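Okay, structure first, notes after.
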């Protein structure tokens, strides 16, 4: 999930100062982690605290509740991370039920799920559970599932053509456009349907991890979240993150959050297959 966090940290500077080029500094003294990183790690922590039950329905209800509690816990621990208004209100409320959200928050935080399960069906099911405490609109669920599926397929050795075709067929996103064709007219859109396809497209056009992040941010719009989503897929596909980029992002990330990442990696990260 560090690919998501790195994308968030690099993109944090450009969310309100969009660039429409791939030529920009990756880090500056203003680089920070935002809600994308915080809530990604909240999902990882929830996975570390999953419950099991012999009745699947009860197990799902319990685990969905754990996702809700962890999202609230981390939202309260890091209150100034840059959450959307509806999420902030939900964190302060007593509710653990969704508010029909369809923003890209469900997609930006889903990456740990793609590593914690061994089948695509399980990943899709769990992505839905992780989205529903907040983003229970069908577009919010779809966005989370599409990103989780792309990461899972990337980490299990599928090539870009397979990933593109699967996401288009399964979720109905148009991934056939080119970034050069949409960049100039693309504007801020924090919905799943207005940012998840673009983030996946940036990955599909990339040559390596850094290039994926640069292409994602070059679109403009919700830069940190688009780069977060792109980075989560690119890390899985390119089998890692350049050490110099990873080390700089780790210096910015809160130490407590780093410990959750380390614990999650020790439990869940498995040997990955090579590409087709």
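We did not get these values from a lab; they are worked out from the coordinates using the rules stated. These figures come from a predicted structure and were not determined experimentally. When we count neighbours, we look across all protein chains shown, and the Cβ atoms used for this are built from the backbone with ideal geometry, even at glycine.
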Residue 18-residue 208 pseudo-label distance in nm [points 7 Å out on the Cα-to-Cβ vector]:
2.9
Dividing the surface of the Cα convex hull of segment 182-276 by four yields a projected area in nm² of 7.3
Quick check on packing: order 251-260, 222-231 by the mean number of other C-beta atoms within 10 Å, highest mean leading.
222-231, 251-260
Counting pairs of Cα atoms in segment 45-120, how many percent are more than 17 Å apart?
52
Exposure proxy ranking, count of Cβ atoms within 10 Å, fewest first, for 163, 213:
163, 213
Between rounded, prolate and oblate, where does segment 126-217 land on the alpha carbon gyration tensor, with a ≥ b ≥ c its root eigenvalues, rounded for a/c under 1.5, else prolate if a/b exceeds b/c?
oblate
Listing 57, 14 from the residue with the fewest other Cβ atoms within 10 Å to the one with the most, what is the order?
57, 14
How long is the gain from residue 73 to residue 59 if the chain were fully straight, where each residue apart is worth 0.36 nm and the alpha carbon distance is subtracted?
3.0 nm
For 169, 70, order by how many other beta-carbon atoms lie within 10 Å, fewest first:
169, 70
Prolate/oblate/rounded label for segment 21-179 (Cα gyration tensor, a/c 1.5)
oblate
Rg/Rh ratio calculated on Cα atoms of the chain (Kirkwood radius):
0.93
Label point 7 Å beyond Cα of residue 94 along Cβ direction - residues of segment 60-74 with amide nitrogen under 11 Å:
none
Packing-based ranking, highest mean first, of 191-199, 26-34 given that Cβ atoms within 10 Å are counted:
191-199, 26-34
Report, in whole Å, the centroid distance computed from the Cα atoms of segment 159-191 and segment 52-114.
26
Pair residue 251, residue 168: separation of 7 Å Cα→Cβ label points (nm):
4.2
Packing-ranked peptide list from 142-149, 41-48, highest mean Cβ count within 10 angstrom first, is 142-149, 41-48
